Structures are given as structure tokens and as C-alpha cells.
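Asks: The structure under discussion is supplied below as C-alpha cells; questions concerning it will follow.
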Amino acid sequence: MRLPLIVLLVAIGLAGCGRSRSSAPETPPASPLARAAWDEWRAWNGPVIDGWPDTRPADMRATPERMARLEAYWSILPGGWRIAQRHQDTRNGLIALQDRLNAEHAGEEGDGAAPMVVVAGLDDMAMYNYPAWSAAFISYVARSAGVPEWELPSSSRHASYIDAVIARYYASPETSAYVPQAPEEIAPRVGDLVCADRAWVRLNHWTERISERGRGRPMHCDVVVRTAPGRVEAIGGNVQAMVARRIFPADAQGRLLPAPFDRPGFIVVLAARENHWTPAPVPSAR
């Protein structure tokens, strides 16, 4: 029996990931933002990751349902529809390539030959990692939860909405929806955002970001959905090209422990005050 010919396409993915999904009973969090992130995570079949492993998740399939959700995340941003369309064009191009190669194979083997060519990148979510969509994911769940734009603005870059949160806090420290805190000073709670600095030269403290406001800096934020002694669980997007729930180690007081030296370190916790916004409808993923 002949084996399929596999056409390999190289895709660039984020470092991360681990096991499939938890078998323990799951209770959605009460916080609107955490619940919105939880619902998206469940829609991606609930991958769970311990810490910062290097292995990819077992299920990286670019299913139509996942592609539709990715399109929805981008579509929440001004001009994001162009990126969603680019991904769709990429997918259509891969399908066309696979069909053409199989047609050529059928011609060589004679009529009735079974399809033998599989384009590997077609069903790999890592093919759609660029541009990075983790900030678009946060924007989508924020709008789903009814978080106002002026409290957590939609952006394709984490640094942009972190800047806005910091500015809002300094402008109105008593009423801002989020309070920036150093990870070593606070135990994250459900509904908070935990943010890491991915730059080569990292910030020593989140207040250093004030002097470089508006400048680019690669960062990543996840939404805290559960805490327990010695652990903080948070959900983020574009973690190994997936929406994943990550389990980070914490100390006895619940504060995040430092990341390994070669991994992005936490720089700020955006601590949510009592939720005072009303959920509003956003474009849904088809």
C-alpha cells in the first residue's frame, strides 16, 4: 500500500505548550472577563499547559470553527478584517495547492487514483500565527465581557492597552477599572490580567513603561480564571497558536513566582476593581 506524499510547509509558532485538557470537573469563573476568556478556551477544546514547556499541544488542527473564532478576534479591531481576509486567502491557497497536486498525481497514476498529496500546513493553526493575535484575543474577550473601551482599549498590541490602563489609573486612581501592580507585590485574583515582558532587554518594574509610553515593546497578557495555593491559572490567546489555559507557579501568598530566566517574565498585574460594567454584544464567531 502506498503512503501519502506530504508537502511540508514551515510555520513559525510561539514557544509553549503541553497537555490536552483537564479531566477534572470544570466550573466557569464568576468574573465577566474571566468567564468570556473561559468560554473561548472551551470553544478551542480546552488545552491546558503546565508552566513553560517546549512541546506543542497534541491538537493543533486549523478547523473551520477555530478559523472562524480567529477571524472574530481580528474583526474586533479597526482594520482587522484585512488580516482575517489574508488568513482566509492563505487557507484557500493551500487548499488550491493540495487540489492541484492531487490532480497532477491522479494524472500520473491514471483515472480513479486516490488522493495522495497532503499539504501539512493546511491543518496547522501555527500557519496563522503572524501577525500575533494574543492582544486581539484580549480585546475580543474584553468587549464580550462589556469592559469599556476607555478602560481596556482594543489593540493588536498588548503594550498599547497596558499604556492606556496605566494612563487611566494615574488620571483617575480612585475610579479606574484596573490598578497596575508589580507581580511581587500582589496575589492575582480571578478577572485580573497578568502580563509578561517579551523584549530582549526587559523592564525591571512596570513604572519604567511610563517613560517609554507609546513605543513598541513585545508583551503578552493572560486573563486569570482560577487561583489556588501555589498556582495561578490564566487563559490567553496565541499560546502555541491556540487559546490555552496556563498554570503558573505561585508562592504561599498566591503571588506569581519568577519565570525561568529564558522565558518572558511577568512585569505587571492589571488588578481589576469590582466589576461595574454591563456585558454588551460583540460580533460572534461563526
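Derivation of every value follows stated rules applied to the coordinates shown; laboratory data play no part. All values reported here derive from a predicted model rather than from experimental measurement. Every residue, glycine among them, receives a Cβ derived from its backbone with ideal geometry; neighbour counts consider all protein chains shown.
Asks: Which percent of Cα pairs goes in each bin when the distances of region 62-215 are cut into 10 angstrom slices starting at zero?
Replies: 9, 29, 26, 17, 10, 6, 3, 0
Asks: Gain in length, residue 100 to residue 203, computed as 0.36 nm per residue apart minus the alpha-carbon separation, to one decimal in nm?
Replies: Numbers: separation 103, 0.36 × 103 = 37.08 nm, distance 5.00 nm.
The span from residue 100 to residue 203 would gain 32.1 nm if fully extended.
Asks: Using the Cβ atoms and a cut-off under 10 Å, what net charge is assigned to the surroundings of residue 140, where Lys and Arg are +1 and Asp and Glu are -1?
Replies: Values: positive: 69, 143; negative: 40.
Net local charge, residue 140 excluded: +1.
Asks: Applying the Karplus parametrisation 6.51 cos²θ - 1.76 cosθ + 1.60 with θ = phi - 60° to the phi angles of region 131-146, what ³J(HN,Hα) value in whole Hz is obtained for each residue in order, glycine and proline being reported as x?
Replies: My calculation for region 131-146 gives x, 4, 10, 5, 6, 4, 4, 4, 4, 5, 5, 5, 5, 4, 7, x Hz in order.
Asks: Treat region 20-84 as a sphere of radius equal to its Kirkwood radius over Cα pairs and apply Stokes-Einstein at 20 °C in a medium of 1.002 mPa s; give the translational diffusion coefficient in µm²/s, rounded to a whole number. Please list the in-between numbers first.
Replies: On the way: Rh = 13.8 Å.
D = 155 µm²/s.
Asks: Could I ask something else about it? Could you give the Stokes-Einstein D for region 175-255 in µm² per second, using the C-alpha Kirkwood radius, 25 °C, 0.890 mPa s?
Replies: In µm²/s, the coefficient rounds to 177.
Asks: Give me the percent of Cα-Cα pairs in region 167-215 that sit more than 16 Å apart, rounded to a whole number. Show your work: numbers first, answer last.
Replies: Details: 594 of 1176 pairs.
Tail fraction, whole percent: 51.
Asks: Compute for region 129-222: radius of gyration divided by Kirkwood radius, i.e. Rg/Rh, restricted to C-alpha atoms, rounded to two decimals.
Replies: Across region 129-222, the Cα-based Rg/Rh ratio is 0.93.
Asks: I would also like to ask the following. Could you work out how much longer the chain between residue 123 and residue 149 gets when fully extended? Use 0.36 nm per residue separation minus the Cα distance between them, nm to one decimal.
Replies: 5.9 nm
Asks: Continuing with the same structure: Would you mind giving the three semi-axes, in whole Å and largest first, of the ellipsoid equivalent to region 129-286 according to its Cα gyration tensor?
Replies: Over the Cα atoms of region 129-286, the semi-axes work out to 21, 18, 18 Å.
Asks: Can you sort 139, 176 so the residue with the fewest Cβ neighbours within 10 Å comes first? Display every interim value, and only then the final one.
Replies: Working: 139 28, 176 19.
Final ranking by Cβ density, sparse to dense: 176, 139.
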